[in-house]
Structure formats: C-alpha cells, structure tokens
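The values are calculated or read from the model by the stated rules, or taken from the named source; none is laboratory data. These numbers come from a predicted model, not from an experiment. Here Cβ is always computed from backbone atoms with ideal geometry, including for glycine, and neighbour counts include all displayed protein chains. All accessible areas refer to the heavy atoms of the entire protein, side chains included, with ligands and DNA or RNA removed. Shrake-Rupley method; radii C 1.70, N 1.55, O 1.52, S 1.80 Å.
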Amino acid sequence: MMKPDDVKLVELNDDKRGFLKLMGFGDYEALVSFTVKDKSRSGYFFKVDRVYVVILGSFLYRVRNMKDGAETEKIIMAGDYFTVKPGNAHVFTALEDSYMIEFTPNVKEKIEMIPYEPYRKICEKDV
C-alpha cells in the first residue's frame, strides 16, 4: 500500500510557457503542467493512449489523425477529461492560465514522444 511519502514531484521544465512537473507514485507517473495564457504545449503523438484532465482554466485543443489527416479543434475546460488515442497528434493552447494532468494508464515504462512538426512549431515559438 502506498503512503503519502511515496508520491514525488520533480521539476522537469520551467520557461515562459509555465512549468512541467513529473509526479511519481509507485511505478506510475503523471505529468502536471501549468500553462500561461496564450502559450502552447505538446505537439506530439504517441503509440499508446494518453489521458488528460484539465484541473483549472481552459485550452483550445487541436488534434490531427495521422492516418487520414483529419483535424478537429474544441475548447476544453476545468473538469474535462479525455483520451488522446494512438496516432493522434495534439496541441493545447491556454485560453487563460491553466493547469492540466496527463498520464498513461497501465504503462510502467517511458513513453515515446513522436514530434508532429506543424504543432511543435506552435509550441516552440513560445519558449
């Protein structure tokens, strides 16, 4: 059984966009992010499901299906949670100062992040 001391928070990145912290608990990890209004994060796709939960604030969420090229966008807000399926590139742009948690359920190893250059450019212009 895990104890409160088993949960660790490690600083990964701190820049003009906000911060990223890695929260470890047991064999699992979650990424906690704070994103400043009008800044963007991600720009990747993965080979496994990723689960996202908006804790505070809101984002413009864009996702592109890498198989058929279809792109959708929508507003996600505090309390929203959803899964990004494998092979879907995604980018989040904060509409206000916002917090999000992301994790990969049932996976205990490092997840390969595959850049999607059009979305990465959006994110990198804010660094």
Across (1) part of a strand (DSSP E or B); (2) modelled with pLDDT of 95 or more; (3) surrounded by 11 or more Cβ atoms within 10 Å (Cβ to Cβ), Asp38 clears everything bar (1)
Looking at (1) more than 15 Å from the chain's Cα centre (by Cα); (2) surrounded by 17 or more Cβ atoms within 10 Å (Cβ to Cβ); (3) of a type outside the set (Val, Ile, Thr), which is the one condition that is false for Leu31? (1)
What single numbered condition from (1) at negative phi; (2) surrounded by fewer than 18 Cβ atoms within 10 Å (Cβ to Cβ) fails to hold for Gly69? (1)
Please enumerate the residues belonging to the range 90-105 that are within 17 Å of Ser40 (Cα to Cα) and open to solvent by 60 Å² or more (accessible area, probe 1.4 Å). Leu95, Glu96, Asp97, Tyr99
For Lys74, are the conditions met, namely being open to solvent by 70 Å² or more (accessible area, probe 1.4 Å), among the basic types (Lys, Arg) and not in a loop (DSSP other than H, G, I, E, B)? yes
Please determine, by comparing only the residues of the range 106-124 that are outside any loop (DSSP other than H, G, I, E, B) and among the basic types (Lys, Arg), which one is surrounded by the most Cβ atoms within 10 Å (Cβ to Cβ). Arg120
Among the residues of the range 72-90, write down those that are β-branched (Val, Ile, Thr) and more than 10 Å from Phe59 (Cα to Cα). Thr72, Thr83, Val84
Would you check if there is a residue in the range 9-18 being assigned to a loop (DSSP other than H, G, I, E, B) and either of a type in the set (Lys, Arg) or open to solvent by less than 60 Å² (accessible area, probe 1.4 Å) (or both)? yes
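Conditions (1) in contact (Cβ under 8 Å) with a residue 12 or more places away in the chain; (2) closer than 23 Å to Val127 by Cα; (3) small (Gly, Ala, Ser), marked per residue:
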position: Phe19; (1), (2), (3): yes, yes, no
position: Ala70; (1), (2), (3): no, no, yes
position: Tyr81; (1), (2), (3): yes, no, no
position: Asn106; (1), (2), (3): no, no, no
Taking the condition out of contact with any Cys (no Cβ under 7 Å at 6 or more places or on another chain), at positive phi and open to solvent by 40 Å² or more (accessible area, probe 1.4 Å), does Gly87 pass? no
Residue check, Lys67 of a type in the set (D, E, K, R) and over 22 Å from Phe34 (Cβ atoms): yes
